[in-house]
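The values are calculated or read from the model by the stated rules, or taken from the named source; none is laboratory data. Here the structure is a predicted model, which is why all the values come from computation and not from measurement. Cβ placement follows ideal geometry from the backbone for every residue including glycine, while neighbour counts extend to all protein chains displayed. Accessible surface areas use protein heavy atoms only, side chains included; no ligands, DNA or RNA. Shrake-Rupley method; radii C 1.70, N 1.55, O 1.52, S 1.80 Å.
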Amino acid sequence: MVRLPRWNVGLQSKITLYLIAIVVSVLSIAITASRLVIERQARLLLRSEYITLVRQIGAGIGTLEELRNRSVLEQELAKLREIDPEIVLMEIFDLTSGVPQMTARSGAGVRELSALPNESEIGMIRRGDPVARLAEVNGQLFWEIQGPVRIGTEASGLVLAQVSMRRFEALVARDRLYAALVTMAVAAVILVFLVWYLRRKIGQPMASLVGEMARVEAGDLERQVSIESPDEIGALAAQFNRMLFRVREGTEAVRLLNESLQDRVEQATTEVNRRYEDLARVNRRLSEMQLRLAHSERLAAAGQMAAALAHKIGTPLHSTLGHLQRLKRDTSEEKREERLKIIESQLERMVQSIQEVLETVRKPAPPMGPVEVNALLRGLLDLTMPVISLRGIEVETGFEERLPMTLGDAGELQEAFLNLLTNAMDAMPNGGVLRLETRSIDGAIRVTVADTGVGIAEADLPKIFEPFFTTKERGKGTGLGLSICRNIVRGHGGEIEVESRRGAGTTWVLTLPGRDDETR
Ligand SMILES: Nc1ncnc2c1ncn2[C@@H]1O[C@H](COP(=O)(O)OP(=O)(O)OP(=O)(O)O)[C@@H](O)[C@H]1O
Ligand SMILES: [Mg+2]
């Protein structure tokens, strides 16, 4: 929900305030202007009324005697001032001599104004025109009106009246107050009306629009704004409804797409998992087969050798046995000599046959080349990892990265290390830790293969490198692994040593010469 900051005035209030300011200003200007005009006209009206009064007094004096009869004139003037107390001073002057002579006077007048009529005023009076002056004394306005007294055709006298405008000003002030009150009342009425109107036309529709928007924002897309005014707000609401419709459509499309995408992802995930399990199974089988293959290769070699030997030495052995049995019964020295020669030749034949068998079984000289021992061990770990993890064995490695290469036959070295790994796995049927380490020591390579398995009995330690020594069940081990391993290592100019304790584990340490020219 959108909330205005507390110190911000809402749009509706702003518009109201602006309009009120405009209305009050316009009203004030209009009322002030009209009041000024009316006040001016009222003043002029007052002026002409007093001019008429002064003229009437002037016209009431018909002769010079009357003009100079002070007591009668002052009585008359006092009566007039009684009727109209705003007249503060009335004077009558005789203009027949050069200097105006005051012939009657009533009232104190305002001292600041009480001066004799000046030359130009007297001139105007002589011509028969009245003179009117507006003067301000101590913040109060006064009209000073002068009119002629005609005797015959001559303007022989002058009537002067000073009229206070105090009552008139009081009336004007009261009018000003009324005008201000009227302005305020009208402004208040307009304000109430504006507030009501704006609230109805802007405030309420906007609040409902904002409320609907908040509900839509909270996730309810089914909302609809129902403002049907034929103005901008109505258009805004209609546009909002249209936009909402589009959003609904879009959301629905996205939801459908999401659902189908999710389905597809789930299907794909299941498929990938299935494939992964298949792959892991195949990998395990492959690894086991590799290990078994290495073992059966040794079995096959041993079997072949045994069969060939049996075949080659069977006949001479048999013949030797026959000659030996008959030798006991031979009486002549000559015959015995002859038989012994035959036996000797048969034995020589057997030695030769054994050598021939060994020759055929011995592999051709391996192809020598630079071998990266770290890479070779990593490859072997990859190969055996499925079986290793299946047996709950944890592998730790500590390979020295700048290890020299060795010169040799990668295949043979692999066979040697594979046998050590297989032995270690066999020694840890209930799991354990297999640690592989390489170190470079004085240009040579040292490989350590350590397990936490059953270990080797002290009595067996001298025999383990002998061919056919095995503690494994029949058919499980040939006992050739370690002897082949040592042959390979020695064939590479290296050495293999063992350290083991029954129940604690076994550690094999292999040293291989490093290639002088290269380090890796
Ligand atoms: N890591 C080891 N822990 C305990 N005993 C071992 C270990 N390695 C070898 N041995 C002992 O040495 C014997 C000889 O091992 P060798 O590898 O020569 O033959 P094998 O493993 O028995 O048979 P094959 O290698 O043909 O499977 C083993 O039977 C076992 O008793
Ligand atoms: Mg073995």
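Laid out as a table, the results:
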read-out: Pairwise FRET efficiency - Ala238 versus Ala173, Cβ, R0 = 51 Å, nearest 0.05; value: 0.35
read-out: Net +/- balance of residues flanking Trp143 in space, Cβ distance below 9 Å, scoring K and R +1, D and E -1; value: +2
read-out: All Cα pairs of the chain, percent lying beyond 39 Å; value: 69
read-out: Straight-distance crosslink candidates among lysines, where the alpha carbon sits under 25 Å from Lys14 and sequence neighbours closer than 8 are dropped; value: Lys201
read-out: Kirkwood Rh in Å, taken over all unlike Cα pairs in the stretch 389-465; value: 14.1
read-out: Residue order for Phe417, Phe468 - accessible surface, 1.4 angstrom probe, largest first; value: Phe468, Phe417
read-out: Rg to Rh quotient for the stretch 1-111, alpha carbon positions, Kirkwood Rh; value: 1.50
read-out: Gain on full stretching of the segment that runs from Met305 to Leu461 - 0.36 nm per residue minus C-alpha separation; value: 53.5 nm
read-out: Rg over Rh [alpha-carbon atoms, Kirkwood Rh] for the stretch 369-512; value: 0.94
read-out: Per-selection metrics, the stretch 450-509 (Cα): Rg and Dmax in Å; value: 11.9, 33
read-out: Summed side-chain charge close to Gly62 - residues other than Gly62 whose Cβ falls under 15 Å, Lys, Arg +1, Asp, Glu -1; value: -2
read-out: Per residue value of the accessible surface for the chain (all protein chains in place, 1.4 Å probe), Å²; value: 62
read-out: P(r), alpha carbons of the stretch 50-98 - 5 Å bins starting at zero, rounded %; value: 5, 17, 32, 26, 14, 5, 1
read-out: Per-pair calculated FRET efficiency, R0 = 56 Å: Arg284 and Arg246 via Cβ, rounded to 0.05; value: 0.50
read-out: Percent carbon-and-sulfur accessible area, the stretch 11-181, ignoring ligands, DNA and RNA, probe 1.4 Å; value: 58
read-out: Per residue Cα convex hull volume in Å³ - calculated over the stretch 235-361; value: 111
read-out: Degrees between helix 166-198 axis and first principal axis of the chain (Cα, 0 to 90, nearest 10); value: 30
read-out: Fraction of beta bridges assigned by DSSP in the chain that are antiparallel (%, nearest 5); value: 90
read-out: P(r) tail fraction, the stretch 144-194 - alpha-carbon pairs more than 14 Å apart, %; value: 71
read-out: Subset of Lys312/Lys463; Lys341/Lys476; Lys312/Lys335; Lys341/Lys463 violating a 32 Å alpha-carbon distance limit; value: Lys341/Lys476; Lys341/Lys463
read-out: Helical mean residue ellipticity (222 nm; -39500 (n - 2.57) per DSSP H run of 4+; nearest 500) of the chain; value: -20500 deg cm²/dmol
read-out: Where only C-alpha atoms are counted, convex hull volume of the stretch 11-181 per residue in Å³; value: 120
